[in-house]
Amino acid sequence: MIRLFLRDLKLAIRSGGGFGLGLAFFLIVTVLVPFGVGPESGRLAAIAPGILWLGALLACLLSLDRIFALDYEDGSLDLLATAPIPLEGVAAVKAAAHWVTTGLPLTLAAPALGVLLNLPGPAYGWLVVSLAVGTPALSVIGAFGAALTVGLKRGGLLLSLLVLPLYVPTLIFGAETVRRGAEGLDVTTPLLLMAGITLGAVALLPFAAAQALRINLR
Amino acid sequence: MSLVVENLSCARGGIPVLERVCFALNPGEVLVLRGPNGAGKTTLLRTVAGLQPPLAGTVEAEPESVAYAAHADGLKATLTVAENLEFWAGIFGTSGIDAALTAFDLEALVDRHAQNLSAGQKRRLGLARLLVTGRPVWALDEPTVSLDVASVGLFGAALKGHLAQGGSALIATHIDLGVEARVLDVTEFRATPEAGGGAFDEAFA
C-alpha cells in the first residue's frame, strides 16, 4: 500500500501529473476576487474567509476525476483489483495521495493568499487549522464520487454534481471557523463539527468507494 | 492448486453471454479459449479472475492465485520500465525484477519511460508483470497482440518456464504459442436468449 501511495505521489509530481493544478486555480481565484469585488479593504476582509474556503474547495474538485479515471483507462485498476491488497485500501491510499498533492499544498499556501484578501490577523492560524482539518474530508468524499463515476466517459460533470452537496457541511463549518477566528470569537464548535465530518468520512467512505469500484469494474 | 470451473454462467453488460461452462485446469496445463469475437472469452477470463461475480456456478481456486492480464497493460507513461515493474512487484509482495526483464528482453530499456516504448515493447513489459506477480494461474486475454515473431517466442519460453514450475494458464488466443495446450471452444456454451429472462436484475442485485 505504501508502494501505491509513493507511486501516486511520483505520478502527480512528474510531467502531466496535475500537481499544482489545484494550487494554480486557488491562486487565480484569490488574485482575481479583489479585482471583481473592488479594493475596499473592509469589504474584502469580510468575505475573505468564505472566498478562501470556496477557492480551496473548488481547487480540490478540479483534480478529483484523476483519482481513479487514469488507472481505469490504462487497465491498472483491473490489475489492482486482482492484487493482494484490498480495494478498500486502494481507495483509502488514493484519497490520501490526493490530499497530499492538493489539500496539503492548499493548506500551506492559504496564509500567503489570505494577505491578498486582507484577511484579519487573528484568522491566519485558524485558516491553516481549518483547512488542515477539513481538506481530508474533501479528498475522501471526492474519492467516493470518483469511484461512483469511474466507468463513465467525461464523468466530471456528474462527479461535480454528486460531490458538491456532500461538500457543503465542510464548507459551512470551515468558513465559519475562519470567520469566528477573524472576529476573535470561540471557534470550538464549528471546528469540532468539521473534525467530526472528516473523521466520519475517512472511516466510512473508503468502504463505500471500494464497493462502487467493484460494481463499476464488472 | 488447480482451477475448477463448474456450471459457470457469466454476463456482460447485464446480458448473459456464456452458460454452463465446465472445465478444470491442473498445474502444468494450458487451456486455450477459442471462439469468434464477442463469444465471451474476455467475460469468462474476467469472471475467473474475480473481477465480476458469476451469474451462476462456481469458480474454485486457491485465494489470490490468479494473475490477470488484458488488452491494457496497466503501465504508467511517466514511469520508467524498471519503476513500472518494481511497483507491481511491490504490490504483489515479490522482489527482484531482473528475471522478468531478462525473460522479455527488456534489460536495454530499463531506464526508458513507458511513453517512449513501442506497442510491442509495452506488451512485453505488460507480460513481464506476470512473472513478478508470482501467481500460479495466469488468465490472459490475447497476450500476443502487437508482438512480433521473436517476442511471441519469448512469451512461449516464459510460459514454458511457468508451466515447468507447476503453474498453469488460461489463454484466449488465436495463434500457436508453441506449447502443448487443450482447446476450449466457448461457442458451445453460448447463452440461449430464453435463459436471459431476469438476468438484468441479477446483474444489479
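If the condition is being among the β-branched types (Val, Ile, Thr) and either in contact with a helix residue (DSSP H, G or I) (Cβ under 7 Å, 6 or more places away or on another chain) or crowded, with 22+ Cβ neighbours inside 10 Å (or both), then the stretch B:44-67 contributes B:Thr47, B:Val48, B:Val59, B:Val66. Only one entry in A:Gly36, A:Gly89, A:Gly42, A:Gly18 is surrounded by fewer than 20 Cβ atoms within 10 Å (Cβ to Cβ) and on the phi > 0 side of the Ramachandran plot, namely A:Gly18.
Scanning the stretch A:134-171 for residues that are touching a residue at least 40 places away in the same chain (Cβ under 8 Å) and open to solvent by 40 Å² or more (accessible area, probe 1.4 Å), we see that the one that is nearest to A:Ala110 (Cα to Cα) is A:Leu171.
Which of the following residues is part of a helix (DSSP H, G or I), surrounded by 22 or more Cβ atoms within 10 Å (Cβ to Cβ) and at pLDDT 90 or above: B:Gly156, B:Gly161, B:Gly126?
Result of the check over B:Gly156, B:Gly161, B:Gly126: B:Gly126.
So in the stretch B:68-78, with the set limited to residues that are facing chain A (nearest Cβ under 7 Å) and open to solvent by less than 10 Å² (accessible area, probe 1.4 Å), which one is modelled with the highest pLDDT? Top of the filtered list is B:Tyr68. Which residues, counting only those in the stretch A:24-73, are in contact with a Leu (Cβ under 7 Å, 6 or more places away or on another chain), more than 25 Å from A:Ala143 (Cβ to Cβ) and without any contact (Cβ under 8 Å) to a residue 60 or more places away in the chain? Hit for the stretch A:24-73 is A:Val37, nothing else.
From the list A:Leu104, A:Leu79, the lone residue that is within 14 Å of chain B (Cβ to nearest Cβ) and modelled with pLDDT under 95 is A:Leu79. Evaluation of A:Gly125 against the conditions (1) closer than 30 Å to A:Leu70 by Cβ; (2) open to solvent by 40 Å² or more (accessible area, probe 1.4 Å) shows that the sole unmet condition is (1). The combined condition, being within 14 Å of another protein chain (Cβ to nearest Cβ) and either under 25 Å from B:Ala77 (Cβ atoms) or open to solvent by 50 Å² or more (accessible area, probe 1.4 Å) (or both), is fulfilled by A:Ile13. Is there a residue in the stretch B:21-31 that is among the acidic types (Asp, Glu), more than 28 Å from A:Gln211 (Cβ to Cβ) and surrounded by 14 or more Cβ atoms within 10 Å (Cβ to Cβ)? Checked against the condition, which is being among the acidic types (Asp, Glu), more than 28 Å from A:Gln211 (Cβ to Cβ) and surrounded by 14 or more Cβ atoms within 10 Å (Cβ to Cβ), the stretch B:21-31 yields at least one hit. For the stretch A:45-74, the candidate set comprises residues that are within 14 Å of chain B (Cβ to nearest Cβ) and open to solvent by 10 Å² or more (accessible area, probe 1.4 Å); within that set, the residue that is nearest to A:Val31 (Cα to Cα) is A:Arg66.
The values are calculated or read from the model by the stated rules, or taken from the named source; none is laboratory data. Everything numeric here is computed off the predicted structure, so don't read it as measured data. Neighbour counts run over all protein chains shown; Cβ positions are idealised from the backbone, glycine included. Keep in mind that these areas ignore ligands, DNA and RNA; they rest on the heavy atoms of the full protein, side chains included. Shrake-Rupley method; radii C 1.70, N 1.55, O 1.52, S 1.80 Å.
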